[in-house]
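Undergrad: Dropping a structure here in structure tokens format, bear with me for questions.
The values are calculated or read from the model by the stated rules, or taken from the named source; none is laboratory data. Since the model is a prediction, treat every value here as computed from it, not as a measurement. Here Cβ is always computed from backbone atoms with ideal geometry, including for glycine, and neighbour counts include all displayed protein chains. All accessible areas refer to the heavy atoms of the entire protein, side chains included, with ligands and DNA or RNA removed. Shrake-Rupley method; radii C 1.70, N 1.55, O 1.52, S 1.80 Å.
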Amino acid sequence: MYRSMFFASVFFLSFVTNAQQIVLKGKVTDKATSAALIYANIRILETTAGTTSNMEGAYELKLKPGSYKFSASYIGYKSDTISVNLKSNKNLNFELEPIPVHMSEITVFPGENPALAIIRKAIEAKHLRNDELNSYEFMAYTKGSVKSTKDFSTRNNSVGLSIDKNDTAKLKITGIIENVSKSFFKKPNHYKEEIIARKQSANTPASINVLTGGRVIQNFYTDDIQFVGRPLMSPIADEAVEYYDYSLKDTLAMDKNNVFKIHIEPLRKSDPGFVGDIFIADNSFALVKLDLGLNDAANPGHLFTSMQIIQQFSPFELPDPGNKSVYMPIDYRIFASINFLGIARFGFELNTIFHDYKINIPIDDDYFNMAIVKVLPDADKKDSTFWKTTQTIPNSIEETQAYKRIDSLESIPRTFWDDFSFLSSSISLGENYSITGPLGLYSFNRVEGHTLNFGVDASDLNEKRLNSNVDFSYGFADKKLKADFSARYYLGDYRTASISFNAFNKTNSLFEESIKYNKLTSTFTNLLGKYDFRDYYYSSGFEFKILDEVFPVLRLGAGYLNRTDNNGLVNTDFSFFNKDKVYNDNKQVYESRINALTAEFRLDFRSYIEDGFFRRRMSQGKFFATINGDVIWSNSGTLKSALDFRIYKIDVFGAFPNYKSSRMNFTLTGVYSDGAVPYQMMYALPGNIESVSQTFTMRTLRTGEVFGDRAAVLSIQQNFNDDLFRLFGLTFLSDLQLMLSAHFNAALIEISPVSKTILPGQLNNPAVNTLREFKHPFYELGFGIGHPLFPLRFEFTWKLNYFGTNNFVFGINSAIL
């Protein structure tokens, strides 16, 4: 009885507590015209709480009962302060009056632009602010929306925008995300964000609902501003006065203080930067607001038809004596529309409000770890009670209608044909299942001939812990049925450990890991040009593997491999064209059964997002390097393998920014073997096919041309973007937004003497021997020209030594091949 009374009391107290949450809402308007004042600042005096109005001038505050003083302010208007004793939900409207300007004196040096004097003082004020600011935490609410011409669904094979050809002008909201987060900062550069709650429209995956704080939200009091992957100069950066042209556009007022409206744009039109207005308070020279867009040079491929960035700042008192205050961001808004080559039109909006600042509070360094964004475990479980009592931005009429429309569309039963597309490689059968689509049903090569393929995939089962797939294929030339089954189960709160199993009886491509092209590409080269750049062999067996992230920076793995490899033969002469041409012989492998133990490790020091299910690593435009190591140990005694050998392989991949938006990516691969390694398990330098190339490959070598069991390979890809054109004043090239890149490859590779003894006969025959080794370094160097809107780059590459064939190669680099 007492237990029942206790739980009843708890329930009653919980109900009363929730019932005491009061909603205060209203609008902020111009008193003279009744026009809505967009993004007006509403503060609760003597607290750090507040919000801003939305596009319709509406605001909303969630408060407990009590007496409050509310202040609404807007640049160019007199603030309005109202005292209210809140006992129940209430509407409170603010009507602000425009106020005249009273210019204060500004020290202007003879002949100098008056705006420069203001900006110099603003830069000094920025440094004083940053000196005073040691740490802080704040709450944030973010709402993001995607706009397109037609609704999309999560049940499509890929969540994307479907364009309605009958309506390519009008954009409507087709997806919405909302989240509530708490963020922490401590000097010098510690940052962490925790997403407390998140929700989204029914057609939007929760995995992308992490659009807050550390990755998207910018603070223009810092100098490291980035947009679309390019660093841009802040309007009050230390070097900004040499980069931007400033002009005093107007002087406005807010209460008794003047605010200078200053227009900015880069001094040189060819330099990427912001264009628009910033607002500087003349008493403190604090940046209080900005309304900016991007100039053409900062707009990649002129992709954005419009881009607007709005941010406001408000003073918050420091806890130290002296009545000092610092300006902190109170909101952040982005509005963008995109027109891709006149084919697809869509846009997005991001609205964030910041409140409840706690400044210069003690925060332990240990609190900051590699997870800079963390979705709390119950973030997706927050019910309507939470959202009714937490600070948000009121939904606009359009947003309310979008939620209803999207939920209604998602509730309509879908048939198989709703997700069918002839240009799809897979077809969805629901949220977690898919089958092979028309584009993947057929393939062709000279060993299997015409081949039918069919597979079933199951993904994200059991709370995104289980993935599995089974693939079948039948070749009409070799008359063999093949099957490949794999399954992986993830363990741990963030799926950082896994157990996987793979059983197979399939056709393998020789040196598959070094071939960067897909099956569809080789099918076309066979059918149209009778050119097969792959060689094939049959492989059957199974593999078992366990992986675990034992530390945030270290992953370890171990496994067992059983495989039997057999030769494949050319079984067809079919091609649509070049019927007189003969296919090359299929290279033979060392037929054997290999039983081996495997081990691997991965070192990765990058920060990551814990998105509620997985840890996702981030580069953040900074230097990083990941190190991967693999060992294969085959033994004829203990493991009953056909051969005794050990293969050690290490891969390093990394990138670092250098000049402005330029970035260098690099890979370094080392391979060493001990014992006789079968031909099909050797390492081949990644080559290319005729007149086509791929990144991180040897452009002047063909696929499988040079191989070995001991190698050291360095590949460097330097992406200059358009920075060099700007540096050397080649504005006609930068105006075209051409992107320059350079690539350099070097390699040492050889075959150990013991491995040479078991090479297939066609490689050991002196009469036809084409065996190549690079016992001293091979070098090649080249450059490429591309454009940000097109998925291809024209590349020119020269061999620097080992001259013979392909001393110079022109190729088209495209990741879609």
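Undergrad: Among 231-237, 65-71, 435-441, what's the highest-first ranking by average C-beta atoms within 10 angstrom per residue?
TA: Result, highest mean first: 231-237, 435-441, 65-71.
Undergrad: On a 0 to 90 degree scale, rounded to 10, what angle separates helix 2-19 from the longest Cα axis of the chain?
TA: Its long axis makes an angle of about 70 degrees.
Undergrad: Hey, another quick one. Debye sum, Cα scatterers, the range 343-411, no solvent: what log₁₀ I/I(0) at q = 0.14, 0.24 1/Å?
TA: -0.83, -1.38
Undergrad: Moving on to the next point. Need one number for the range 451-575: average projected area of the convex hull over its C-alpha atoms, nm².
TA: On the way: hull surface 36.6 nm².
Taking a quarter of the hull surface, the average projection is 9.2 nm².
Undergrad: Can you give the local net charge around Asp548? Use residues other than it whose beta-carbon is closer than 15 angstrom to its beta-carbon, Lys and Arg +1, Asp and Glu -1.
TA: Working: positive: Arg465, Arg488, Arg495, Lys545, Arg555, Arg602, Arg615; negative: Asp493, Glu549, Glu600, Asp604.
After counting each charged neighbour, the total is +3.
Undergrad: Where a Cα-Cα gap under 20 Å defines reach, which lysines qualify for Lys186, not counting those fewer than 8 residues away within the same chain?
TA: Lys126, Lys324, Lys358, Lys374, Lys622
Undergrad: Normalised by the empirical 2.2 N^0.38 Å for globular proteins, what value does the Cα Rg of the range 651-787 take?
TA: Working: Rg = 18.8 Å, N = 137, 2.2 N^0.38 = 14.3 Å.
With N residues counted in the range 651-787, Rg over 2.2 N^0.38 Å equals 1.32.
Undergrad: For the chain, take the longest principal axis of its alpha carbons; what is the angle in degrees between that and the long axis of helix 114-132, to the nearest 10 within 0 to 90?
TA: That helix lies at roughly 80 degrees to the long axis.
Undergrad: With a 1.4 Å probe and all protein chains kept in place, how much accessible area does Ile816 have, in Å² rounded to the nearest 10?
TA: Ile816 exposes around 120 Å² with every protein chain in place.
Undergrad: Report the rotationally averaged projected area of the range 248-305 based on its alpha-carbon convex hull, in square nanometres.
TA: Working: hull surface 18.5 nm².
Mean orientational projected area (the range 248-305, Cα hull): 4.6 nm².
Undergrad: With the other protein chains left in place, how much accessible area per residue, in square angstrom, belongs to the range 623-750 at a 1.4 angstrom probe?
TA: Numbers: 4680 Å² over 128 residues.
Normalised by residue count, the accessible surface of the range 623-750 is 37 Å².
Undergrad: While we're on this one: Apply the Karplus parameterisation 6.51 cos²θ - 1.76 cosθ + 1.60, with θ equal to phi minus 60°, to every residue of the range 506-522 and state each ³J(HN,Hα) to the nearest whole Hz, in sequence, with x for glycine and proline.
TA: Result, ordered by residue: 9, 9, 9, 8, 5, 6, 4, 5, 9, 9, 8, 10, 8, 5, 4, 5, 5 Hz.
Undergrad: Taking the range 571-712, how much of its Cα-Cα pair set, in percent, is spaced more than 18 angstrom apart?
TA: Working: 7205 of 10011 pairs.
Within the range 571-712, distances greater than 18 Å cover 72 percent of Cα pairs.
Undergrad: Right, next: Here is the link list: Lys62/Lys464; Lys756/Lys799; Lys25/Lys78; Lys269/Lys289. Which ones come out longer than 31 Å on Cα distance? Display every interim value, and only then the final one.
TA: Numbers: Lys62/Lys464 35 Å; Lys756/Lys799 27 Å; Lys25/Lys78 20 Å; Lys269/Lys289 24 Å.
In this structure, Lys62/Lys464 lie more than 31 Å apart at Cα.
Undergrad: A further question follows. Tell me, what is the Rg over Rh of the range 209-328, with Rh the Kirkwood radius over Cα pairs?
TA: Checking Rg against Rh, the ratio lands at 1.00.
Undergrad: Please report the relative contact order for the chain, taking Cα pairs under 8 Å with a sequence separation of at least 6, and give it as a percent rounded to a whole number. Don't skip to the answer; put the middle values down first.
TA: Numbers: 1995 pairs, mean separation 64.2, N = 817.
With pairs under 8 Å counted, the relative contact order is 8 percent.
Undergrad: Top to bottom by accessible area (1.4 Å), largest first, where do Phe803, Phe94, Phe340 land?
TA: Values: Phe803 140, Phe94 0, Phe340 75 Å².
Per-residue accessible area, sorted high to low, gives Phe803, Phe340, Phe94.
Undergrad: Taking a probe of 1.4 angstrom, what is the accessible area of Leu603 in Å², to the nearest 10?
TA: Near enough 50 Å² of accessible area.
Undergrad: Let me ask something additional. Counting Lys +1, Arg +1, Asp -1, Glu -1, what net charge surrounds Leu510 among other residues with beta carbon under 11 Å of its beta carbon?
TA: On the way: positive: Arg534, Lys587; negative: Glu512, Glu513, Asp535, Asp565.
Its environment carries a net charge of -2.
Undergrad: Can you work out ³J(HN,Hα) from phi for every residue in the range 299-315, in order, using Karplus 6.51 cos²θ - 1.76 cosθ + 1.60 and θ = phi - 60°, giving whole Hz and x for Gly and Pro?
TA: 9, x, x, 6, 5, 7, 7, 7, 8, 10, 10, 10, 8, 10, 10, 9, x
Undergrad: Over all alpha-carbon pairs in the range 267-402, figure out the percentage whose distance exceeds 28 Å.
TA: Percent of Cα pairs beyond 28 Å in the range 267-402: 44.
Undergrad: Then there's this: How do the peptides 198-205, 351-358 rank, highest first, by the average count of neighbouring beta carbon atoms within 10 Å per residue? Let's see the in-between values first.
TA: On the way: 198-205: 19.5, 351-358: 21.1.
Ranking the peptides 198-205, 351-358 by packing returns 351-358, 198-205.
Undergrad: Once neighbouring chains are kept in place and the probe is 1.4 Å, which whole percent of the accessible area of the chain is contributed by carbon and sulfur?
TA: On the way: 22490 of 38800 Å².
Heavy-atom surface of the chain belonging to carbon and sulfur, 1.4 Å probe: 58 percent.
Undergrad: I need the phi-derived Karplus couplings for the range 77-93: 6.51 cos²θ - 1.76 cosθ + 1.60, θ = phi - 60°, integer Hz, Gly and Pro marked x.
TA: These are the phi-based 3J(HN,Hα) values: 9, 7, 5, 10, 10, 10, 8, 9, 9, 8, 10, 8, 3, 8, 9, 9, 9 Hz.
Undergrad: Listed highest first by mean packing, meaning other Cβ atoms within 10 Å per residue, what order do 135-141, 730-736 come in? Before the final figure, lay out the partial values.
TA: On the way: 135-141: 19.3, 730-736: 16.0.
Ranked by mean Cβ neighbours within 10 Å, highest first: 135-141, 730-736.
Undergrad: Related question: Would you pull out the residues with amide H under 5 Å of His450's amide H, same chain only if 5 or more places away, H placed 1.01 Å from N?
TA: Phe476, Ala477
Undergrad: Another question about this same structure. Can you list residues from other chains, or at least 5 along the same chain, whose modelled amide H is less than 5 Å from the amide H of Thr251?
TA: Those qualifying (amide H under 5 Å, at least 5 residues apart or on another chain) are Lys261.
Undergrad: How big is D, in µm² s⁻¹, for the range 606-685 by Stokes-Einstein at 37 °C and 0.692 mPa s if Rh is the Kirkwood radius over C-alpha pairs?
TA: Values: Rh = 15.8 Å.
Here the translational diffusion coefficient equals 208 µm²/s.
Undergrad: In deg cm²/dmol, rounded to 500, what helix-only [θ] at 222 nm does the chain give when every DSSP H run of at least 4 residues adds -39500 (n - 2.57) and the total is split over its residues? All intermediate terms of the calculation are to be shown ahead of the outcome.
TA: Details: 11 runs with 94 residues, N = 817.
Helix-only estimate at 222 nm: -3000 deg cm²/dmol.
Undergrad: Still on this structure: Arrange the residues Tyr442, Tyr517 by how much accessible surface each exposes, largest first, with a 1.4 angstrom probe.
TA: On the way: Tyr442 85, Tyr517 10 Å².
Greatest to least solvent exposure: Tyr442, Tyr517.
Undergrad: Let me check something: with ligands and nucleic acids excluded, how do Thr400, Thr251 order by accessible area (1.4 Å probe), largest to smallest? Mind dumping the intermediate values first?
TA: Details: Thr400 55, Thr251 20 Å².
Correct descending sequence by accessible area is Thr400, Thr251.
Undergrad: What figure, in Å² to the nearest 10, do you get for the accessible area of Phe653 with a 1.4 Å probe and non-protein molecules left out?
TA: That residue has around 80 Å² of solvent-accessible surface.
Undergrad: Take every Cα pair under 8 Å in the range 631-691 that's 6+ residues apart, average their separations, divide by the length, and report that relative contact order as a whole percent.
TA: Values: 77 pairs, mean separation 17.1, N = 61.
Normalised by residue count, the contact order of the range 631-691 is 28 percent.
Undergrad: Moving on. Two decimals is fine: what is log10 I(q)/I(0) at q = 0.12, 0.19 Å⁻¹ for the range 333-480, from a Debye sum with one equal scatterer on every Cα and no solvent?
TA: -0.97, -1.33
Undergrad: For the range 680-731, what number results from the quotient of the Cα radius of gyration and 2.2 N^0.38 Å? Walk me through the numbers on the way to the answer.
TA: Details: Rg = 16.0 Å, N = 52, 2.2 N^0.38 = 9.9 Å.
Ratio of Cα Rg to 2.2 N^0.38 Å: 1.62.
Undergrad: When only Cα pairs under 8 Å and 6 or more residues apart are kept, what is the percent relative contact order across the range 571-660? Display every interim value, and only then the final one.
TA: Numbers: 126 pairs, mean separation 24.1, N = 90.
Relative contact order for the range 571-660 comes out at 27 percent.
Undergrad: Averaged per residue, what accessible surface does the range 317-385 expose to a 1.4 Å probe, in Å²?
TA: Numbers: 3410 Å² over 69 residues.
Accessible surface, normalised per residue, equals 49 Å².
Undergrad: Here is a further query. Scan around Leu86 for amide H atoms under 5 Å from its own, H built in the peptide plane at 1.01 Å from N, and keep only partners 5 or more places away or cross-chain.
TA: Distant-sequence amide H within range of Leu86: Gly66, Ser67, Tyr68.
Undergrad: When the C-alpha atoms of the chain are aligned to their principal axes, what extent does each axis show, in angstrom, from largest down?
TA: 96, 86, 56
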